[in-house]
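What follows is a short report on a single structure.
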Amino acid sequence: MSAQWTQLTFKLNNGREIPAVGLGTWKSKPDDARNAVKTALLTGYRHIDTAQAYRNEAAVGEGIKLAGVPRESIFLSTKINNMNHKRVAESMDESLKKLQTDYVDLALMHWPVSFDPAEERPTVLKDWNFTNTWREMEKLVEAGKALAIGVANFGIRNLETLLASANVVPAVCLLELNPHCPSAKLVDFCQNKGLHVMAYTPLGSLNSPMTEDETVRSIADAHGRTVQQVLLVWGLKRGTSVVPISTADSRIRSNFDLDGVDLTDEEMGSFSSLPARFKVWKTWWSKNVFSSDEEGRDFYDGDRLFEQKK
C-alpha cells in the first residue's frame, strides 16, 4: 500500500469514497471544536467526524464555514444518538441545521441500543430495537439527507442480526481500535462482509498507556516519527480509516503529517501482538454489545471489564 496516506481514500460498498485520515471531535467543547475543524481543513484533512451526542455539531458547522473549503470537497459524518432511535428523520434534520448543510456523507447509528428519551436515566426501549432504527436510517438515503449510512460499536452478533434484515448493507462500521484494542476477529468479519471499518481512539485515550509502551516508542524512534504517527499508520495499513481526536493546532497538523511513513510486516506484527489491553467503553450497555470471542481476546472476566491485563 502506498505511503501517501493523506491522499488515500477507501471505496465504500456504495461506490463512494471515504478519506483515510479524518478529524474526530469526541469530547471537543464547542469553541475548541470550531477551531480544530478549521485548522484540520486548512491543513488538508477532508473528513470531519462528529455526533449528536457530542453536542458540538453547530461548532463543527461553523468551523467548516470558517475554513472556506467547499462543502463538496468534505466528507462529513455524524451519528444518531441512542435517545433518537424513534425519531431518526427529525433528529437528522436538527443535525443538518446545526451543521449548516443539506446532507451528510455518512450517518451512523451511534450504538445498537435504543434509549427511552422520556426517562431521566438511560432506559432501553422495550418496543424498539436497532433493526427498527436501521429501517428509519435507510430512509435518510432515500431522502438524500445521508449519502451513506453505517453503524458504530456493533459486535459480530448484532451485525449478523442487522445484516439478516437490512435492505441497505451498512457502508461503515465505526469501532474503538488501536493496538491495545485490536479486535482482529471483528475487523475481519466487517471487511469480509464488505463493511469499511473506521477506527476511533486510534491513539488510545487520555487514560490509555499506549504512548508509554516501549515497543511503540522504539518503532517510532526507529522511523524518526512520533508515537502518534506510527500508531495511525498501523491503523491505515490494516485497511481502516482513522479519526484521531485533538484540539491543539500543532497536534492536528502532526497527526496529518503521515506521508512517507511505512511499517514493515515485522513492525506491524509487533504492534498487533502487544499484550496489554485497554478499552475506553466500560458502560453497562457495552457489555451487551461485545463478547470476548468477537474482540479476539477476553475483554471481560465475568462481569468485570479489565484494563491493561497482561
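Of note:
- If you check L159, L108 for being within 30 Å of D188 (Cβ to Cβ) and either of a type in the set (S, T, N, Q) or assigned to a helix (DSSP H, G or I) (or both), only one passes: L159.
- For the residues V233, V243, V197, the requirement of being over 23 Å from F154 (Cα atoms) and crowded, with 22+ Cβ neighbours inside 10 Å singles out V233.
- When P182, P202 are checked against the criterion of being under 24 Å from F75 (Cα atoms), surrounded by 15 or more Cβ atoms within 10 Å (Cβ to Cβ) and in contact with a helix residue (DSSP H, G or I) (Cβ under 7 Å, 6 or more places away or on another chain), a single residue qualifies: P202.
- Single match in A171, A148, A118, A152 (criterion: surrounded by fewer than 16 Cβ atoms within 10 Å (Cβ to Cβ) and at negative phi): A118
- Hits in segment 257-272 - residues which are assigned to a loop (DSSP other than H, G, I, E, B) and of a type outside the set (A, V, I, L, M, F, W, C): D257, D259, G260, D262, T264
- Looking across segment 230-256, the residues that are out of contact with any Leu (no Cβ under 9 Å at 6 or more places or on another chain), in contact (Cβ under 8 Å) with a residue 40 or more places away in the chain and either farther than 16 Å from W26 by Cα or assigned to a helix (DSSP H, G or I) (or both) come down to G239, D249, R253.
- In the condition set (1) closer than 25 Å to V60 by Cα; (2) part of a helix (DSSP H, G or I); (3) hydroxyl-bearing (S, T, Y), T101 is compliant with all but (2).
- Output for segment 104-125, where each listed residue is at pLDDT 95 or above and either over 22 Å from the mean Cα position of the chain (by Cα) or among the hydrophobic types (A, V, I, L, M, F, W, C) (or both): V104, L106, A107, L108, M109
- Residue in segment 24-40 that is under 19 Å from V172 (Cα atoms), in contact (Cβ under 8 Å) with a residue 40 or more places away in the chain, in contact with a Gly (Cβ under 9 Å, 6 or more places away or on another chain) and aromatic (F, W, Y) present: no
- Residue check, N132 in a loop (DSSP other than H, G, I, E, B) and modelled with pLDDT of 95 or more: no
- Qualifying positions in segment 225-254 - under 16 Å from the mean Cα position of the chain (by Cα), under 12 Å from Y45 (Cβ atoms) and not aliphatic (A, V, I, L, M): S241, P244, S246
- Filter result (within 27 Å of E136 (Cβ to Cβ) and either out of contact with any strand residue (DSSP E or B) (no Cβ under 6 Å at 6 or more places or on another chain) or surrounded by fewer than 22 Cβ atoms within 10 Å (Cβ to Cβ) (or both)) within segment 34-59: Q52, A53, Y54, R55, N56, E57, A58, A59
- Pairing each residue of segment 172-196 that is at pLDDT below 95 with any residue that is in a strand (DSSP E or B) and charged (D, E, K, R), provided the two are 6+ apart or on different chains, yields C-beta distances under 9 Å for S183/E176.
- Test: residue in segment 287-299 that is surrounded by 16 or more Cβ atoms within 10 Å (Cβ to Cβ), at pLDDT 80 or above and among the β-branched types (V, I, T): no
- Within the option set A59, A36, A3, being more than 16 Å from the chain's Cα centre (by Cα) and part of a loop (DSSP other than H, G, I, E, B) holds for one residue only, A3.
The values are calculated or read from the model by the stated rules, or taken from the named source; none is laboratory data. All values reported here derive from a predicted model rather than from experimental measurement. Virtual Cβ from ideal backbone geometry, glycine too; neighbours counted across all protein chains shown.
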